[in-house]
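Worksheet for the structure shown next.
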Ligand SMILES: Nc1ncnc2c1ncn2[C@@H]1O[C@H](COP(=O)(O)OP(=O)(O)OP(=O)(O)O)[C@@H](O)[C@H]1O
Ligand SMILES: [Mg+2]
């Protein structure tokens, strides 16, 4: 089973440029989480921090009892083996064929024989549908094949945590659908903890158990998918509906009056459900669509039941719309237990976070609600 990744109070800057501050979230073991955010908000920086390639200056990242922000290089090298990473650009070596690219981590990190390596490489290539392409160079194949080769390489060390940086960018919609199915199927087969960075709203709505959004140098929200999909937070709704109207601007934040005027016009047109289609996936209004399931013949995702038990304990913490959507996903036995008061509050059990208001951060609570709605950093 995958391991939990517990991030708390994480802050990263480059020189005087702060990328994000006080990011707190837990990736629950074996669950699939998606991290969204406008371009340049530091999603890739976050993934690189999780594997220790970048050093945040504050906060902690606990994986298997090790804090990788402060641990020794030696320890970091060990912990890094728990990770598989699919980088944004695939990061394949251009002069190596796919076989050697995929074999690379095994040759680098293990003492396995070439024979064992061969078996593993061919197994993973088959898993991602690349059998027969061993001898191709990265430059000779399509972008979609490169993504899958990067994924096969991320899998060879049997990772317990897999990070995907925009696995679906540059792919046509049909290939995105196949890739999403592949991700869910993989999760069912290996039960590792997944974190996916994507700009695809369709992926965000249907693949993950948990959703998060980075905005204005903070984690605006992170929690069960139902929490974000039913959220009324303007920035969450704008992003998940892929629309222009709202706090997120093309290059910088908009002023309050402009956002208010846009929202009034949107309301007059009938709100998000009638907003037409965003560039990447249909506008969804408040809907919580069904989650993608593993292909027929594959085992069920073990994370599903674990997650149901986890969110059943959290039901009382959500607003009525979110609680209703979560209840709809729960089996009878857990609903009955929740209603009988069997679950005591488990604040801090992970998988849920609201950004504290910027000026109320000193209180140290992560359970207060709203993001500053507009105007500057407060
Ligand atoms: N090694 C680095 N040194 C200095 N600045 C960096 C470095 N890596 C990233 N940055 C800066 O950090 C910010 C966030 O970059 P990042 O690549 O994480 O964005 P992103 O959210 O992944 O965007 P996109 O959606 O476009 O991929 C950018 O302003 C970038 O210039
Ligand atoms: Mg990026």
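The values are calculated or read from the model by the stated rules, or taken from the named source; none is laboratory data. Since this is a predicted model, take the numbers as computed values, not measurements. Counting neighbours? That spans all protein chains shown, and the Cβs are built from the backbone with ideal geometry, glycine included.
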Review point. Any chance the range 331-339 includes a residue that's surrounded by 12 or more Cβ atoms within 10 Å (Cβ to Cβ) and at pLDDT below 80?
Key: no
**Study point:** Qualifying position, being more than 16 Å from ligand 1 (Cβ to nearest atom), under 27 Å from residue 183 (Cβ atoms), crowded, with 20+ Cβ neighbours inside 10 Å and at pLDDT below 95, among 94, 2
**Key:** 2
Check your understanding: Take the residues of the range 47-61 that are away from ligand 2 (no atom under 16 Å from the Cβ) and under 17 Å from residue 84 (Cα atoms): which is surrounded by the fewest Cβ atoms within 10 Å (Cβ to Cβ)?
Key -> 52
Review point. Going through the range 321-346 one residue at a time, which ones are more than 14 Å from residue 288 (Cα to Cα), without any contact (Cβ under 8 Å) to a residue 12 or more places away in the chain and part of a helix (DSSP H, G or I)?
Key: 332, 333, 336, 339
Check your understanding: Can you tell which of 10, 35, 25 is surrounded by 20 or more Cβ atoms within 10 Å (Cβ to Cβ), within 16 Å of ligand 2 (Cβ to nearest atom) and part of a strand (DSSP E or B)?
Key -> 35
Practice item. Output the number of the condition that residue 44 fails; it satisfies all remaining conditions of (1) assigned to a loop (DSSP other than H, G, I, E, B); (2) within 13 Å of ligand 1 (Cβ to nearest atom). Key: (1)
Review point. If you scan the range 251-260, which residues turn out to be in a helix (DSSP H, G or I) and exposed (fewer than 12 other Cβ atoms within 10 Å of the Cβ)?
Key: 257
Check your understanding: Among the strands (runs of 3 or more DSSP E) confined wholly to the range 133-250, which include 3 or more residues that are free of Cβ contacts under 8 Å to residues at least 24 places away in the same chain, touching a strand residue (DSSP E or B) at 6+ places or on another chain (Cβ under 7 Å) and away from ligand 1 (no atom under 16 Å from the Cβ)?
Key -> none
Review point. Do we have residue 85 as within 16 Å of ligand 2 (Cβ to nearest atom) and modelled with pLDDT of 90 or more here?
Key: yes
Check your understanding: Does the range 54-76 hold any residues that are touching a helix residue (DSSP H, G or I) at 6+ places or on another chain (Cβ under 9 Å) and either part of a loop (DSSP other than H, G, I, E, B) or more than 21 Å from residue 165 (Cβ to Cβ) (or both), and which are they?
Key -> 54, 55, 56, 64, 66, 68, 69, 71
Review point. Taking the range 148-167 as the search range and keeping residues that are crowded, with 24+ Cβ neighbours inside 10 Å and within 21 Å of residue 39 (Cα to Cα), which one is farthest from the chain's Cα centre (by Cα)?
Key: 167
Study note, to complete from the structure: Pairs returned, first residue in the range 37-51 that is within 12 Å of residue 10 (Cβ to Cβ), second residue that is near ligand 1 (Cβ under 6 Å from one of its atoms), beta-carbon separation under 6 angstrom, 6 or more apart or interchain, are 42/19; 45/19
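Condition check ((1) within 16 Å of ligand 2 (Cβ to nearest atom); (2) farther than 23 Å from residue 298 by Cα) across all residues:
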{"position": "135", "(1), (2)": "no, yes"}
{"position": "141", "(1), (2)": "no, yes"}
{"position": "172", "(1), (2)": "no, yes"}
{"position": "177", "(1), (2)": "no, no"}
{"position": "180", "(1), (2)": "no, no"}
{"position": "189", "(1), (2)": "no, no"}
{"position": "196", "(1), (2)": "yes, no"}
{"position": "206", "(1), (2)": "no, no"}
